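Student: Structure provided below as structure tokens; questions to follow.
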Amino acid sequence: MTGEMRCVLLVEDDFLVALATRDLLESAGYKIAGPAATLDRALRLVQSERLDAAVLDIDIGTQSIWPVAEALLGCKVPFVLLSAFANPSAIPGKFAAVLRLHKPLESERLLGYLRSLWG
């Protein structure tokens, strides 16, 4: 990756998935905000960090990620959704066009998406 180091917010409540995803993103040259395992922490990071993109697990514990996704939309930060479940009807309509990746993590698709954001 050329130029400045891009900052990617990582929101994932599964410790092992968070570590693997963080390692993948760091090895690709990204700075990581997080990983955040709670909605409160994720929302604080959205407010306090200069984010270039985000990777969001759809379900954080018993909560859904939608407040964080809304905040990212408001800041015009692109994001990708991660889910172990393939239920498109669980995605609110305004997020239907957002790239959704399945767990286990589709690493090459995620990295390709991030690269496409900055050419």
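The values are calculated or read from the model by the stated rules, or taken from the named source; none is laboratory data. Note that the structure is predicted; figures quoted are calculated from it, not measured. Note: ideal-geometry Cβ built from the backbone for every residue, glycine included; neighbour counts use all protein chains shown. These area figures cover heavy atoms from the full protein model, side chains too; ligands, DNA and RNA do not enter into them. Shrake-Rupley method; radii C 1.70, N 1.55, O 1.52, S 1.80 Å.
Student: Could you list, ordered by first residue, the pairs with Cβ atoms under 6 Å in which the first is in the stretch 88-114 and closer than 19 Å to residue 22 by Cβ and the second is modelled with pLDDT under 90, at least 6 apart or interchain?
Tutor: Filtered contacts from the stretch 88-114: 103/84.
Student: Please pick out the residue among 40, 59 that is open to solvent by 10 Å² or more (accessible area, probe 1.4 Å) and over 19 Å from residue 17 (Cβ atoms).
Tutor: Numbers: 59 fails: over 19 Å from residue 17 (Cβ atoms).
That would be 40, the only listed residue that is open to solvent by 10 Å² or more (accessible area, probe 1.4 Å) and over 19 Å from residue 17 (Cβ atoms).
Student: Among what's in the stretch 68-119 and is charged (D, E, K, R) and open to solvent by less than 70 Å² (accessible area, probe 1.4 Å), pick the residue that is modelled with the lowest pLDDT.
Tutor: 103
Student: A follow-up question, please. List pairs: first in the stretch 66-78 and more than 14 Å from residue 12 (Cα to Cα), second modelled with pLDDT under 95, Cβ under 6 Å, 6+ apart or cross-chain?
Tutor: 78/117
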